[in-house]
Structure formats: structure tokens, C-alpha cells
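The values are calculated or read from the model by the stated rules, or taken from the named source; none is laboratory data. All values derive from a computational prediction rather than experimental measurement. All Cβ positions, even for glycine, are placed from backbone atoms using ideal geometry, and neighbour counts span all protein chains on display. The area values use the complete protein model at the heavy-atom level, side chains included, leaving out ligands, DNA and RNA. Shrake-Rupley method; radii C 1.70, N 1.55, O 1.52, S 1.80 Å.
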Amino acid sequence: MPDSYGVVQLAYDIPLGGQFSFTVDGVIQSNSFCLGLAGFVFDFGDDDNNVLSMGVSLTGISLSTANGRSTITGTVTGTFEDDNHHTGNVYTQVILIAALPGSYSQVTMANPPGFSSGGTSEQIPLTVESPTLTGLLSGFSMSYSGSDQSVNQIGATVTAYLNSGNVATLGGTCVLAESTKTKATSLSLYGALLADASSSPVFEIKAFRAKAGGATSVTFSNEVTMAQALLVGFNVQYSGNDDHKVQKMSVSYNNFFSPTGSNAGLQPDKKTFVFMDPAPFMQDDENNRQDNNLSYADYVVIGAVKTQS
């Protein structure tokens, strides 16, 4: 029996138009993997700008298998621009979650097509009895109508729902708003579903809310072989009804430090997962920054359990 039937891998610093690729030793089925985001950064560079549209999504997801190994690839797409065609850089941290077939493993995973904010995704048939559901944020698309605007609030969240007939859906909302005056009207979400068995699960999952000055680690109940933090939702907001331009906005469990040599992530004890500056960040070029009382990021830390009982 392998040490774990679960796989959790990170692809780091993927820009818009960039391709991510994961290789897994073993044969992965099409309903046994999904992709989410550990973080992202939207950056106009030296100058701030109003925002017309912003978004990121994972597209062209493909699974291939050869010589007992599975490869999952895809492309990061999105936008960050004002109405004067100033475009910013966008970088992402993409996570693969996958389950190898085994005598105990029972998991359904999916990345359904995008859906409108306030709506629900297409139905996802489950192969798991009495599952534990986890919804993950894998992207969003938000645009003002007509002209760009300054910003007060940016946020998105995804939730998983169990419907009758052993079918799941994803729901959620996103927001791009200029205080109480103007809100973006073109709002879409992209999500991922992880449905794991309540008994003998492949993954152990710990919820974590990142806020400035808050906790910086979670501890698994059991030893895990690998682990990553994935976004469920976030809210980043200037103080009160203040509106400002945006120079940079980011959400990331390790503040986009390279994983190599970083103290963030799963620790040598295989039970503790450490975050590095995980609270959301937003500023203009006059150093107006997010209100830490209003800003947060919700993660789930997913670990592949060492063995299944």
C-alpha cells in the first residue's frame, strides 16, 4: 500500500498566458483531480490606475497518461486593465489536488465551468457516499460597465453544496466596488470541488482565516505526506467608504516568496503548516493601503494523509 493515495502539488509564479504542468506517478482518473489557487498578485507596476476589469482563471485543463504516469496541464488566463489600455501583470500560484486509485480511496473532484456571481455551477455527480465537501476558488472575472472606476472593495468566495441524488454544486459571490456609488456588473466565478469520504478520507482539511496580526500556522491531527493551502475566498478593502486607485493587490499564503528556501509550507514534523504574511494586500502609489480590520483571506490547508484506516 502506498504511503498516501493523495497528491497535493504547487506550480509557482505562473503569469497570464503561462502554462502550468503537473506530473503524478500513477494513473489519475478524470474525476479524481481538480485545480485551485494558492494565491495571486495583480500589479500595475510603478503607477496606480483605476480598474476597468480584472480576473484570473485556469483554462484548457488536460489530463494525459503514459507509462504509468499522469500529466495535468493548463493555461492561466485573465486580465487587469483600465479603460486607457494600461495593463498590469498578473501572477498566480496554482495547486493540483489528485487521488490515486486504491483499495480505500473514495474521492470525486471537478472544475466545472464558470458561473455567475450569486448563481450556481452545473451539477457534479458524486461517486462518494456521505461525502465531506470542500469548495475552492479557482478564479474570478469582474468588470465595470462602460468606464473604469476607483476601488473600495475586491472580494470573491466559493461554497460547495450537496443536493439530492448525491449531486453537488458550487455557489458563491464576487465583488468589485467603488464604495456605495458604483459596482461592477459583470461578475463570474470559477471553482473546484473536493468531495472526500467522511470515513477513511484521502485528505485531512484544516480551515484557516488569514488576517493581519492573526495566526500563522495550522496543525494537522495526523501526519501528512504533503500539503498546500488553497483559497476559498477573500475580501480586501480600503477603509470605510474610501475609494482609491490600485497599484498592487495580492493574496498569497507565502506573500510570493519562492517556496525554495522559504519557511512557509509543511514543516519537517509533517503535521504543522506555516503561512508567511498571508493577509490580503492592496495599495495605491500614495501608500494608501487596505483596512486590516475589513480584509481577510479564507484558506483550506489540504494534506494527503499518510495512511487510511
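Before moving on, here are some points about what is shown:
- Exposure check, 1.4 Å probe, all protein chains in place: Asp82 carries approximately 10 Å² of accessible surface.
- Each Lys or Arg adds one and each Asp or Glu subtracts one; over the other residues with Cβ under 11 Å from the Cβ of Arg289, this totals -3.
- Exposure ranking of Leu58, Leu170 by accessible area [1.4 Å probe, largest first]: Leu58, Leu170
- Only Cα pairs under 8 Å and 6+ residues apart enter the sum, and on that basis the relative contact order of the chain stands at 23 percent.
- Simple label model, 7 Å out from Cα along Cβ direction - Ser239 to Thr87, nm: 3.6 nm
- For the range 109-266, accessible area per residue (1.4 Å probe, heavy atoms of protein chains only), Å²: 40 Å²
- Gap separating the Cα centres of the range 196-258 and the range 144-194, nearest whole Å: 18 Å
- Extension gain from Thr307 to Val167, taking 0.36 nm per residue of separation minus the Cα-Cα distance: 47.6 nm
- Extension gain, Ser221-Gln9: 0.36 nm per intervening residue step, less the Cα-Cα distance, totals 74.3 nm.
- As a length-normalised measure over Cα pairs under 8 Å and 6 or more apart, the relative contact order of the range 106-207 settles at 42 percent.
- Each residue of the range 160-172 was assigned a 3J(HN,Hα) from its phi angle through the Karplus curve 6.51 cos²θ - 1.76 cosθ + 1.60 (θ = phi - 60°); the sequence is 9, 10, 9, 9, 5, x, 6, 10, 10, 9, 10, x, x Hz, with glycine and proline shown as x.
- The alpha carbons of the range 173-308 occupy a box of 53, 32, 23 Å along the principal axes, longest dimension given first.
- Carbon plus sulfur fraction of accessible area for the range 115-193, probe 1.4 Å, in percent: 44 percent
- Over the range 39-134, relative contact order from alpha-carbon pairs under 8 Å, at least 6 apart, %: 25 percent
- Phi angles of the range 195-206 translate, via the Karplus equation with coefficients 6.51, -1.76, 1.60 and θ = phi - 60°, into HN-Hα couplings of 10, 10, 5, 5, 9, 6, x, 6, 10, 9, 10, 10 Hz per residue; Gly and Pro are given as x.
- Computed E for Thr185/Glu286 - FRET, C-beta separation, R0 25 angstrom, nearest 0.05: 0.35
- Database remark: amide H of Gln149 closer than 5 angstrom to the amide H of Val51, Leu52 (H placed geometrically; neighbours at sequence offset of 5 or more, or on other chains; Pro and chain starts carry no H).
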